[in-house]
Each structure stands twice: as C-alpha cells, then as structure tokens.
Amino acid sequence: MNSVKKAATLGITAVAVQFLGTLPFLAEIAGMASLVLLIIAHREFSKAFGDKSILGYTLIYAGVTTIGAFVFAIGIGPILGELTKTVALKGTPSINLFNKRIIVAGGALYISLIVGFYYLAKGLHLLAYYTGTTTYILAGNLMFYGAIGTIAFGAGFMAILFGWMVCAFSYYSTLKSEG
C-alpha cells in the first residue's frame, strides 16, 4: 500500500474514531485516539508529498487545542465540583455564569479552537493542492469558521461536525483516486 493510500485510510479512521467521541464515556479516549491517528495520517501525507508543513500544521492544531481543553478543564473543574456539592446539599444549583474562572476558561478554549482549526485548515488546504481533492478546502474552512461560530453554540459545533464529515469524504476521494 503506498503512502498516500495509507494516509487516506488513517485519515478516514481518525474521523470515524472522532465521531465515537459522541458516545458517553468514550469522549476523552476517542478524542485522543483520533488526534494520534490524524497526526500519523498527516505525517504519511507529509512524507509522500515531501512537504513537512502538512504535519507541522497538524501538530500545531493538536497542541493548541489540547492545551486549550486542558486549561478549560482546570478552570471549570473546581466550579463543577462546587456546583455538585451545592446541588447535593441544597437541591438547588446556584452558580454565577459570569464567574471570572468560567470566562477565562471559556475564552481560552474558544481562542484555542480558532487558532487550532486555522492551522488544521492550512494543512487541509495543502492536501487539496497536492491531491487535487478540493473538498479538503471546504472541510478546513467549515471547521475554521465553525470554531469562530462556537460563540453561538449550536451553529459552530454543527459546522465543525459537518467539516469532519467532508474531511472523511475527502480522504475517501483521495483513497479512490490512488486506485
């Protein structure tokens, strides 16, 4: 199996595993496994096309979004613990949504998503250039603009999910074009 076919197969698998993250108790494991598979797939594309930028952009995406999620978890964790304790003792949740921790943690996650998906989109644009599969551009743009749109929760996340579906289709098209 040549490198491009192997990379496209790994890419399809990464997206499929990404969607397993929507199942309860699998989100963290599926998310990390998907990220590792995506990095390996883009490393293969980088080797096949002789362009290290594809892997580099993917690594920036992985690092920035992982750090953002980690900061978000650290910021929100104590607040969720306090909320759980309040509900258990009083039965009525009382939480100030404009708490500084929530704003900083949410802001860090939001910025990391925008920056991360910007670099992933740049990598996907390179894949479109090298493979001739222009749907990579659409996938990257949907994910990037979806990250910007996460401020309006439903619309942004739906665009990101749709972007991943288009990305899977792009990997599949690349796999088929390699024969």
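Just so it is clear, none of the values below were taken in a lab; they were calculated from the coordinates. Note that the structure is a prediction, hence the values are computed from the model and not measured. Counting neighbours? That spans all protein chains shown, and the Cβs are built from the backbone with ideal geometry, glycine included.
How big is the gap, in Å, between the Cα center of region 54-71 and the Cα center of region 26-46? Using only Cα atoms, the two centres lie 11 Å from each other. The helix-only estimate of mean residue ellipticity at 222 nm for the chain, built from DSSP H runs of length n ≥ 4 each weighted as -39500 (n - 2.57), is -30000 deg cm²/dmol after division by the residue total. Using alpha carbons only, how many degrees (0 to 90, rounded to 10) separate the axis of helix 135-148 from the longest principal axis of the chain? Tilt of helix 135-148: around 20 degrees.
Between helix 52-90 and the chain there is an angle of about 20 degrees, using the helix long axis and the longest principal axis of the Cα atoms. To the nearest ten degrees, helix 3-20 and the longest principal axis of the Cα atoms of the chain are 20 degrees apart. Based on alpha carbons, the Rg and Dmax found for region 3-173 are 17.8, 61 Å. Computed about the Cα centre, the dipole magnitude for the chain is approximately 140 debye when only Lys and Arg (+1) and Asp and Glu (-1) carry charge, each at its Cβ.
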